[in-house]
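The values are calculated or read from the model by the stated rules, or taken from the named source; none is laboratory data. This is a predicted model, so every value here is computed, not measured. Cβ sites come from the backbone with ideal geometry, for glycine too, and all protein chains shown count toward neighbours. Surface accessibility is based on the protein's heavy atoms, side chains included, excluding ligands, DNA and RNA. Shrake-Rupley method; radii C 1.70, N 1.55, O 1.52, S 1.80 Å.
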Amino acid sequence: MEINQLRYFLKTAQTLNYSRAAQELFTSRQALRHTLGTLERELGQSLFYNDHNRLTLTEHGEYLRQAFQGLMETFDEQERNIKLLFQGQITLRVVFSVSLFPFHLPNLDAYLDEFLEKHSHIRLDQERLPADQVVDTAEGGEVDLACVLQMPTPRPGCSVAVLRTSPVSIGSGPQSPLFGRKSVTPEELTAVPLVGMGSLDRIARPLWEDCERRGIRLNYRVVPSAIEALYLTQNSLSSCFNTFFNTRSSPASHFDEPRAHTRLEGYDWELAALCPQGRENHSAARLLAEFLREKYRGR
């Protein structure tokens, strides 16, 4: 089978009319019939019943339609994306969560400059937004790539490139009751003031769902930036929720004192690049996501 044969078959299966299918495919009725006949001989089965030019699918034709309809739609979408990527200047709309700066994405500007130097036909329209808005714009298909720190979460309609992962670590200042503790459970967190850059149902859905199911109510407050979270943890009883575990291989934490890190057992962070699949520049967005994954892998 060839891709053009399948395209001709699927269009005819959709219209159930040779003349209309040929017109929509910008070919002749004769060429269409010839292509379908070649496909039927190759498969050894008839694909259409033709009763006085009224077409219906045979059992084998219906099977072929169901097997390849989704595949052809995906192929056509990727074909359009590749043409955009190779034939002209494209602009990617990219958003980064403000919570990732300055600690979680070191050297980002230099990496983006390197990417643009390699791909001179791509331009970036960048914006930094609160984590909740970053997730909303990705799930709403409003951007080409959205980068956020989250617990592993299904994002329907988005492909996800995980740039790096880490156990969830809660960062604390000396005044916090968590300071010096190696680990903590969700139940034990109820008495601890927590701050974080993003709502739990958006950036920490596994924990949020577990707490809802078990009747746990966390004392949690959303703050706009890592700088404000750092200030609160150093000058109050609050502990910061959005931190990677502090190890030499994971330096993107603003808590250098080992005793400042408390492991939340059973949960992990992923620094994720979300790429909505319905965008016309999806292939270029995936190219950027894979580039960033290579840069941040193992950091």
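The H on the amide N of Cys158, modeled in the peptide plane, is under 5 Å from the matching H of Gln277, each at least 5 residues off or on a different chain. Evaluated on region 43-137, the Kirkwood hydrodynamic radius is 18.0 Å, with distances taken between all distinct Cα atoms. Segment Glu294..Thr56, full-extension length gain: 80.6 nm, with 0.36 nm per residue of separation and the alpha-carbon distance subtracted.
Give the calculated FRET efficiency between Leu124 and Arg7 to the nearest 0.05, with a Förster radius of 30 Å applied to their Cβ-Cβ distance. Efficiency at R0 = 30 Å is approximately 0.30. Each of Phe75, Phe115 has its accessible area taken with a 1.4 Å probe; listed largest first, they run Phe75, Phe115.
Count charges around Gln23 for me, please; just the other residues with Cβ under 15 Å from its Cβ, Lys/Arg as +1, Asp/Glu as -1.
Values: positive: Arg7, Lys11, Arg20, Arg29, Arg33; negative: Glu24.
Net charge around Gln23: +4.
Taking θ as phi - 60° and the Karplus parameters 6.51, -1.76 and 1.60, the scalar couplings of region 122-133 work out to 10, 10, 10, 9, 9, 8, 10, 10, x, 4, 4, 5 Hz in sequence order, x denoting glycine and proline. Only helices enter this figure: runs of n ≥ 4 DSSP H residues, each worth -39500 (n - 2.57), summed and divided by the residues of the chain, yield -13000 deg cm²/dmol at 222 nm to the nearest 500. Put simply, the amide H of Tyr267, placed in the peptide plane, has neighbours under 5 Å in Val168, leaving out anything fewer than 5 places away on its chain.
To the nearest 20 debye, what charge dipole does the chain have about its Cα centre, counting +1 at the Cβ of each Lys and Arg and -1 at the Cβ of each Asp and Glu? It would help to have the intermediate numbers written out before the result.
Numbers: 33 positive and 37 negative charges, 42 e Å.
Here the size comes out at about 200 debye.
Rounded to the nearest 0.05, what FRET efficiency is calculated for Phe115 and Glu188 with R0 set to 41 Å and r the Cβ-Cβ distance? According to the calculation, E is roughly 0.45. Region 157-177 and region 1-67 have Cα centres lying 53 Å from one another.
Roughly how many Å² is the accessible area per residue of the chain, as a whole number, for a 1.4 Å probe?
Details: 15040 Å² over 299 residues.
Value for the chain: 50 Å² per residue.
Within region 111-262, DSSP assigns beta bridges of which about 60% are antiparallel (rounded to the nearest 5). Between Leu71 and Gln45, full extension at 0.36 nm per residue minus the direct alpha carbon distance yields a gain of 7.2 nm.
Element breakdown for the chain at a 1.4 angstrom probe: carbon and sulfur atoms account for 49% of the accessible area. Dividing the alpha-carbon radius of gyration of the chain by the rule-of-thumb value 2.2 N^0.38 Å gives 1.36. Across region 17-29, coupling constants 3J(HN,Hα) worked out from phi with the 6.51/-1.76/1.60 Karplus curve, θ = phi - 60°, read 7, 4, 5, 5, 4, 4, 5, 5, 8, 6, 9, 8, 4 Hz, and Gly and Pro carry x.
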